[in-house]
1. Name the residues whose placed amide hydrogens come within less than 5 Å of the amide hydrogen of residue 115, ignoring near sequence neighbours (fewer than 5 apart) on the same chain.
2. Per-residue HN-Hα couplings for the range 131-139, Karplus 6.51 cos²θ - 1.76 cosθ + 1.60 at θ = phi - 60°, whole Hz, x for Gly and Pro?
3. Compute the acute angle (0 to 90°) between the alpha-carbon long axis of helix 118-127 and the principal axis of greatest extent of the alpha-carbon atoms of the chain; round to the nearest 10°.
4. Quickly estimate the mean residue ellipticity at 222 nm for the chain, helices only: each DSSP H run with n ≥ 4 gives -39500 (n - 2.57), and the total goes over all residues, rounded to 500.
5. Could you give me the ³J(HN,Hα) list for the range 26-36, computed from phi with Karplus coefficients 6.51, -1.76, 1.60 and θ = phi - 60°, whole Hz, x at Gly and Pro?
6. Return one whole number: the accessible area per residue of the range 45-96 in Å², for a 1.4 Å probe.
7. Could you please state, rounded to a whole Å, how far the C-alpha centre of the range 37-93 is from the C-alpha centre of the range 137-157?
8. To the nearest 10 Å², what's residue 59's accessible area with a 1.4 Å probe?
Amino acid sequence: KRDWSSDVCSSDLITGNVIAAAVQITVDDLDKTVSLYRNGLGLDISAPTEWKRDEAYMKAVGIESAKDHPSYRVATVSLDGKPNGLSYVEFKGIERQKQTFRPLDAGSTSMDYGVTDLLAAITAIKAAGGETLGASPVMNPNGGGQAVVRMPHSTLMTISQRAPAAAR
C-alpha cells in the first residue's frame, strides 16, 4: 500500500493518467530476502515492517476473509538513499503457493540489476538458494557480462556488469 501523494511526481507535468509506478514482489521469507539483498548484494533495503492487517489492502489483493487472520509485512529498496518503488512483501495466515516461471512464459516478470561484480553477485545468490539459468553467466570479451538467475523466492532477475570504461 503506497501513499502517492508524497511522491515527487507532479500531476501538473504529466499528460497521461498514470502519475507514478511501483513494483511489489511477494516472497516466502522476508528476513532471508532482506539478508540476501543487503548482505549478499549490498543493496539498501529497509528492515521488514511489523506485521500489519489492513482490511482494505487485504480485499484489494483478494483476501476477503480467512480463519487465521492474515497479515503482511514489507521491506522497501532504496537507491542513493531514496525509495525507488520496489518493495518485497510477505504474507502469513493465508495459504500461498510458490510459482515458478520460465523467462519466456507469459506473465513472468524479470527484474534487471546492474552490478559492479557479476560473479560475486551470482555467488551470493547461489549461496542463498538461487540458481543461474541457461548458459549464465555470459561474459563479453570487453569485460562486461550478464546472467539470468532465479532468486530464492522464484523471481527472475537479469544481472548485468558493464564493461570497464576503457573497453566501451
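The values are calculated or read from the model by the stated rules, or taken from the named source; none is laboratory data. Since we're looking at a predicted model, the values are computed, not measured. SASA here: full protein model, heavy atoms, side chains in, ligands and nucleic acids out. Shrake-Rupley method; radii C 1.70, N 1.55, O 1.52, S 1.80 Å.
1. Placed amide hydrogens put 160, 161, 162 under 5 Å from residue 115.
2. Whole-Hz 3J(HN,Hα) from phi for the range 131-139: 8, 7, 10, x, 8, 5, x, 10, 9.
3. For helix 118-127, the angle is close to 50 degrees.
4. Per the formula, -3500 deg cm²/dmol.
5. Taking θ as phi minus 60°, the curve returns 7, 10, 8, 8, 5, 4, 5, 4, 4, 4, 4 Hz for the range 26-36.
6. 60 Å²
7. Centre-to-centre (Cα) distance: 26 Å.
8. The accessible area of residue 59 comes to roughly 110 Å².
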